[in-house]
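Scroll down for the structure; my scribbles are underneath it.
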Amino acid sequence: MTSGDPAARKSHSLIASDRVEGTSVRRPNGERIGHIERLMIDKLTGKVSYAILSFGGFLGMGAKLLPLPWARLTYNRDMEAYQLDITEDELRSAPSFLADKDFDWGDRAQEEELHRHYGVPPYWGF
């Protein structure tokens, strides 16, 4: 049973994946970086491992996709967006791929490079 009160619907911290996809990603100052294209979920643990950030391009053409370790994002209620504290240089030099060429998720070396770039430990541990 759900309440008609919008505040009651937002009182928990769970969110459906289809509500995350398309959500803006912003810098702490509110500047929009891009949006979440999709989530990558570890099949064995069920935990979200990465958010795929889409940025750049025009009308979806030429956009870069960045796999971001989920641990680097925080949700900012005031902005109704995920927040990523990253400089323009860090963003431009981040490991990325184009929409027509997927990231090799079976290559742990690539994933380790991602985690080193973002300064967060790998979700799978060592």
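Here, each number is a calculation from the coordinates, and none is a lab measurement. Just so it is clear, the structure is predicted and the values come from calculations on it, not from any experiment. Methodologically, a virtual Cβ is constructed for each residue, glycine included, from the backbone with ideal geometry; neighbour enumeration extends over all protein chains shown.
A few notes on this one:
- Gyration tensor (alpha-carbon) shape descriptor, the range 17-118, a/c threshold 1.5: rounded
- When you restrict to C-alpha pairs under 8 Å that are six or more residues apart and normalise by the size of the range 17-118, the relative contact order lands at 22 percent.
- Surrounding net charge for THR74, when Lys and Arg each add one and Asp and Glu each subtract one, Cβ distance under 14 Å: +1
- TRP70, TRP105 arranged by Cβ crowding within 10 Å, fewest neighbours leading: TRP105, TRP70
- Cα centre as origin, Lys/Arg/Asp/Glu Cβ charges: the range 17-118 dipole, Debye: 200 debye
- Taking 0.36 nm per residue of sequence separation and removing the Cα-Cα distance, the ARG116/ILE15 pair yields an extension gain of 33.5 nm.
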